[in-house]
Amino acid sequence: MNEIVSKSCQLAALVLLLAAAFGLPAAAQDKPYFVTYTHDLEEPGNLEVETKSAFARPEKGHHFAALATELEYGARAWWTTELYLDGQATVGESAIYTGFRWENRFRPFMHEYPVNPVLYVEFEDISAADKTILEVVGHDGEPDLVLPNAVSRADHQHEGELKLILSSNVHDWNISENFISEKNLGHAPWEFGYAFAVARPLRSAATGRVCTLCAEKFIAGLEAYGGLGDAWALTFRDTSHYVAPVFGWQLPAHMRLSFSPGFGVTGTSMDQVYRFGLAYEFKDADDMLFSPRKGKVW
Amino acid sequence: MVNRFFLAVFFVFSLSFICAAVTSHWDSVPSREHARQNPFQGSPEAVSAGALLYRDHCQQCHEADAQGDGRKKPSLHTPSVRSASDGDLEWFLRQGDLRHGMPSWSSLPQAQRWQIIAYLRQAGISGRPAAPIPDFVALRANPRRADCAVSFALRPICAYHRSMQMTSCCRRCLFHRARRSSA
């Protein structure tokens, strides 16, 4: 486990060093949430590659490091599509690929309102060995993360997930609420969950100089997420809930770093989950991949 | 009877198109938003910050000189944009135009949106006269810090090279301006 953490830290440090050395332009100030979605979609034509990792140790299990690699593409200004590739490594067991997720987010209204809804549709093809904790639904809990990889990887799950994302940008604060419903396409009840987050940049106005450590490059907030039971037992009993401060740092060269230590608040939650995220945005990726599209602003 | 119905439908559609044609893009901006003033108006620091923000967020679609590329990337030097008030532009940045590919920039703090507008105004995208442009030949012969500040506001690339010698910054700015003039 220590080796995994050490190598990840070394890689992150190297990337940071390179970013600071090149001093290239930064990208948009995205929110550093790991579970909660906002109504900010990817700019059209851009491709963001982000890794979201989770490090934890269940009470009766081994340390693990889970990694979700996210490819997020702005298909339209009102439509973002994403592909996740998930994997995990558990100390004393194995490192395995656990599946993929394909998700789409749509903004049904073309204007900005005090509360902005976004519709989210996802298909998952993952195994029970997945430990990325990108959402907590139903009665998900610590016991699910203790099963040996050899056993849990054999259990394949095809799931559909719907989310209602409500998000507001008020006086430089972002406030987002997600209502999650997930259905195993086999014989299983609908499972429900929630995520809530607030965040704000440390400084509103930008300084007129190129800098990496200016206050406006940092964003801090709080995230809370958990399960709400399922259609057969809509209750808080045996559900997991986490509270997690979040920190984001907008790096030069279109990169973004985020960190979040999460703390379980119920008996079925893990005590601590540490998350790291590193994102890189490719501008005008559609021009690289496809022929240039025609379009206009006015 | 059927002919009359089609005539009525044709009349209503024509009227709608005519109304849409004579309506300004900014008519949908609430009057309260329209009347808002840029709190950073005239601030050189805000212009510098706006130049950097423009480079980070706007240049990708509108090019460094805000002229676009005449095809996919739209120009900001249009009568429609020039006629807009600061409040109109801030409202539009916040709203975006999702149908036509312009994302909403509500995720940027409001102060940064105003700084972008301060920069755009300085760069001459306004109904008001643009900032005076120093004489190219005189500047090349004797670059001065004050003149360089004007160049700095006009070219985001100067902001990027701000840490370099000011004379070098000026030369680079002037090179770009001269190239644009000759084009």
(request) Kindly provide the pair-distance distribution of the range A:119-223 built from C-alpha pairs, with 5 Å bins from 0 and whole-percent values in order of increasing distance. (result) 2, 10, 16, 17, 14, 11, 10, 9, 7, 4, 1, 0
(message) To the nearest 20 Debye, how big is the dipole of the range A:117-219 about its Cα centre, given +1 on the beta carbon of each Lys and Arg and -1 on that of each Asp and Glu?
(response) 720
(request) Along Cα→Cβ, 7 Å out, is where each label goes; now give me the distance between the ones at A:Cys214 and B:Leu7 in nm to one decimal. (result) 6.5
(request) Could you work out the Kirkwood radius for chain A, taking every pair of different alpha carbons, averaging 1/r and inverting it, reported in Å? (result) 20.0
(message) Can you give me the long-range amide H partners of B:Met102? Hydrogens built in the peptide plane at 1.01 Å from N, cutoff under 5 Å, separation of 5 or more residues or another chain.
(response) B:Asp97
(message) If amide hydrogens are placed 1.01 Å from N in the peptide plane, which non-local residues have theirs closer than 5 Å to the one on A:Asp284?
(response) A:Asn46, A:Leu47
(message) Counting only other chains, and only Cβ atoms inside 10 Å, what mean value do you get across the residues of A:39-46?
(response) 4
(request) Could I have the simple spin-label model distance between A:Phe236 and B:Asp69, label points 7 Å from Cα toward Cβ, reported in nm to one decimal? (result) 5.5
(request) Report the far tail of the P(r) of the range A:118-161, meaning the percent of Cα-Cα pairs longer than 14 Å. (result) 53
(message) Given axes a ≥ b ≥ c from the Cα gyration tensor, I'd like to know whether the range A:156-298 is rounded (a/c under 1.5), prolate (a/b larger than b/c) or oblate.
(response) oblate
(request) With unit charges on the beta carbon (Lys/Arg positive, Asp/Glu negative), name the residue among A:Ser204, A:Ala150, A:Pro261 whose Cα is farthest towards the positive pole of the charge dipole of the range A:142-268. (result) A:Ser204
(request) Be a star and scan the range B:102-120 for residues whose amide nitrogen sits under 11 Å from the point 7 Å along the Cα-to-Cβ vector of B:His25. (result) B:102
(message) I'm checking a number: the convex hull volume of the Cα atoms of the range A:194-271, normalised per residue, in Å³. What is it?
(response) 104
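As an exercise, take the mean of 1/r over every pair of distinct alpha carbons in the range A:31-113, invert it, and state the Kirkwood radius in angstroms.
14.6
Please find the FRET efficiency linking A:Tyr97 to B:Arg32, where r is the Cβ-Cβ separation and R0 is fixed at 35 Å, and quote it to the nearest 0.05.
Numbers: r = 54 Å, r/R0 = 1.55.
So, using R0 = 35 Å, E works out to roughly 0.05.
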(request) Quickly rank B:97-108, A:111-122 as a protection proxy: mean count of other C-beta atoms within 10 Å, highest first. (result) B:97-108, A:111-122
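All of the numbers you see were taken from the coordinates with simple rules; none came from a lab. Because the structure is predicted, anything quoted here is derived from the model rather than measured. Cβ: placed from backbone, ideal geometry, glycine included. Neighbour counts: every protein chain shown.
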